[in-house]
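What follows is a set of notes on a single structure, which appears directly below.
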Amino acid sequence: MHIFHVRYRNTQGTLMRILSAVARRGIELPYVQAEPADNAHKVTLLMEVNAKQVGQLCRDWRAIVDVTEVRPGAPIKELWEQAHLGVAIPPESVAAESARSATA
Amino acid sequence: MRKGAQIVLDCLRAEGVDLAFGYPGGAIMPLYDALEGSGIRHVLMRHEQGAVFAAEGYARATGKVGVAIATSGPGATNLVTGIADAKMDSVPLVCITGQVRSPLIGSDAFQETDVFGLTLGLTKWNRLIKSIDELAPAIAEGFHWARSGRPGPVLIDIPGDILRASVEFGGPVEFTPPRPAEHVGPQSTFAATLIALLQQAKKPVALVGAGVKLSGAVDELQQLLDLLNIPAFATIHGLGAIHQSSPFYLGMVGMHGTRAANMALDETDLLLVFGARLDDRVTGEPSRFAQHAKIVHFEIDPGQLDRVRPCELAVVGNLAETVPAFFQEAERAQLPDFSAWRAVAGGPERDEPRKPGLAHPTKMFLQELFARMPENGSGTIITDVGQHQMWSAQSYRTSSPRGFITSGGLGAMGFALPAAVGVQLAKPDTAVLCVSGDGGFQMNIQELASVHRLGLPIKMVIIDNKFLGMVRQWQELFFSRNYAETDLSDNPDFVEIGKAYKISSSLITEEEFLDPSKSATVARRLDRFFRSDRPELLVFQCHPEANVYPMVPAGASLAEMVFEKE
């Protein structure tokens, strides 16, 4: 499972475009949460994807006119392992940094 | 006070629009009521799909934004194929659709569809207008997104009550795009990196796509290619971007590309991609595409990078800036001499086997037509989709960036005839040749009425093999000749249909064309066809089972081309 955090300007249809990028690939979305964040909005998506799909989705999202930031999160499995080792689950910004370097 | 409809037209004029293609209906009637005196010429087509393809033709021929107008419900849904076509081929397009009155939205009212939702996945941006105050900002924003970056389609859906409402209008506004969250552009060291890659390469090649034309960087790229002196080839949308006389030009690449181009692409160790998106028609089997090559991708849309595999170097930006920037550095650098590789890549041993084959007469006929287009490259050839499209692309020999127009990414049959209307209106003083198959021509045949009414001197050719030809070819090669539902042998008499639309129409058979005793007569007929200042329709009846070769079968690599058998 992967977590993605997408920040966007909440204009007409932008959230739907973000979700459609997933739906068009037939990927199931077991968890989605959209909420205001600072001066914009943020949607968190959880889904089972492979490495190629991670790249495709991030590129598709970044191409959406009102998307301002895309952060792939660390795979859930790693988060669980860190938790079992007694390490605190890193906040979004740290997880995104480690994921970005892993997927670069 | 200005009505919403008037505001729409004022804003379109402010965006430089003087021509729009459309078809009226209930919800959009207020806009049509306001047309007179607006300064915008409306071109009535005979189907909304014809209108959007015509708008596309206009945009593809000029680089300006094409505008299509339709009513709600079925009018709007009839635009969808054209919108998808514009998205795939990066065509700047603004569609204005009427919508039912605001209180009725969501009630499944008469001629109501959720066109906003329907086009979310096909547009760069779209908007359902909720108040008259939104009109001017939305139109300004829509035009911005249609034109900027990688061009594409937008849609603005306007309820009828807003078109009828009135407001004190201060005039069209400008749209200020939000600052991008992160700067997207090439690294400052990209030129040095690319020079180093070229210095290490033994078999570099260049692939040129539509992006070169869209960015207006044709001359700059030619200058760079002249300097690099490496084998170069074009996608179907890149045709005309490289001078045909360039000694390094190997033709079109991909599924029906030239043998030389496909072999060079298969063997290369450094692939420079300029404004092409490496789609599957170009790559063949992606897992076996240019397996030995590092990829350097010049591209304005970051979403198109790393599609096949991660590129060695991404040069993100407008080619009009990145290509000259690289040229400046490359000019000063010590680059290897690739003449020997270029000679091998374009050598006679890489030509296709020269067998006449069944397709030979049709290709000869197309070459006869193309030879009669203006020598200065000012004419435009538009094709529909299918075998004739590939034969036309293979026969195209003009160095004209916007001289070859076709539906590439979507492959939408029925594109050519209405698109030709848009092209001819965009370029009234140039020759426009519209080549269709008998299947595709019938998909928007009603636009013969538009051609007649407008008196457009389009030269329309139907390559009539009485089959859905390309599908038949695949059935022959991959489905044991099971010609399921591709038989069009009961086609109507296209000459009589042309005459019914009051268009001068005639027929040439393949037998006549090949008969040496009739060659002078046929030549005179073709000359008259092109010299006419009226619309003309010419039907070429050809062998039903001619195939397009070379061909890279689905799942094969570019090196596994198939040629015509004896």
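Values in this text are rule-based calculations from the coordinates and carry no lab data. Treat the numbers as computed from the prediction; the structure is a model and nothing was measured. Neighbour counts are summed over all protein chains in view; Cβ atoms, including those assigned to glycine, are modelled from backbone coordinates with ideal geometry.
Could you give the distance between the Cα centres of the range B:376-412 and the range B:481-558, to the whole Å? A separation of 16 Å, based on Cα centres. Restricting the calculation to alpha carbons of the range B:466-556 gives Rg and Dmax of 16.8, 47 angstrom.
Ignore the peptide's own chain and count Cβ atoms of other chains within 10 Å of each Cβ in B:113-125; give me the average, rounded.
The per-residue average across the peptide is 3.
If the chain linking B:V167 and B:S517 were pulled fully straight, counting 0.36 nm for each residue of separation and taking away their Cα-Cα distance, it would gain 118.8 nm. Rounded to the nearest angstrom and listed largest first, the equivalent-ellipsoid semi-axes of the range B:193-351 from its Cα gyration tensor are 20, 18, 16. Tally Lys/Arg at +1 and Asp/Glu at -1 over every other residue whose Cβ is under 12 Å from the Cβ of B:Q200; what's the total? So the environment of B:Q200 carries a net charge of +1. Here the calculated FRET efficiency for B:S107 and B:R13, from their Cβ-Cβ distance with R0 = 35 Å, stands at 0.55, rounded to the nearest 0.05. For the range B:514-560, the mean projected area of the C-alpha convex hull, equal to one quarter of the hull surface, is 6.1 nm². Taking 20 Å as the limit for the C-alpha separation, the pairs B:K363/B:K427; B:K203/B:K294; B:K64/B:K87; B:K87/B:K213 exceed it in the case of B:K363/B:K427. The Cβ shell under 12 Å around A:V22 holds other residues with a net charge of 0, Lys and Arg each +1, Asp and Glu each -1. One chain, two ends: B:E349 and B:R397. Fully extended at 0.36 nm per residue, the span grows by 15.2 nm beyond their Cα-Cα distance.
As a test of understanding, state the convex hull volume per residue of the range B:360-548 from its alpha carbons, in Å³.
So the per-residue hull volume is 115 Å³.
What the Cβ-Cβ distance of B:K202 and B:E368 gives, at R0 = 35 Å and to the nearest 0.05, is a FRET efficiency of 0.30. A simple packing score, the average count of other Cβ atoms within 10 Å per residue, orders the peptides B:191-203, B:330-342, B:279-291 as B:279-291, B:191-203, B:330-342, with the highest score first. Taking the three principal axes of the alpha carbon atoms in chain B, the coordinate ranges are 72, 64, 43 Å, sorted in descending order. Annotation: for a label point projected 7 angstrom from Cα along Cα→Cβ of B:K502, residues of the range B:521-536 with backbone N closer than 20 Å are B:532-536. If all Cα-Cα distances of the range A:2-74 are sorted into 5 Å bins from 0 onward, what percent lands in each bin, rounded to whole numbers? Computed distribution, short to long bins: 3, 17, 34, 28, 14, 4, 0. One quarter of the convex hull surface built on the alpha carbon atoms of the range B:239-326 amounts to 5.9 nm², the projected area averaged over directions.
Computed from the C-alpha gyration tensor, the three semi-axes of the ellipsoid equivalent to the protein assembly as shown are 40, 36, 23 Å, from longest to shortest.
Charge dipole (Cα centre; +1 on Lys/Arg Cβ, -1 on Asp/Glu Cβ; no other charges) of the protein assembly as shown amounts to roughly 540 debye.
Applying 0.36 nm per residue to the separation of B:Q446 and B:A554 and subtracting their alpha-carbon distance, the gain on full extension is 35.4 nm. For the range B:382-397, 3J(HN,Hα) computed residue by residue from phi via the Karplus equation (6.51, -1.76, 1.60; θ = phi - 60°) reads 10, 10, 8, 10, x, 4, 4, 5, 6, 4, 5, 4, 5, 8, 6, 10 Hz, glycine and proline entered as x. Label sites at A:K52 and B:R332, each approximated as a point 7 angstrom past Cα along Cα to Cβ, lie 4.2 nm apart.
Each principal axis of the Cα atoms in the range B:200-267 has its own extent, and those three values, largest first, are 30, 29, 21 angstrom.
In the range B:60-137, the inverse of the mean reciprocal separation of distinct Cα atoms equals 13.4 Å; this is its Kirkwood hydrodynamic radius.
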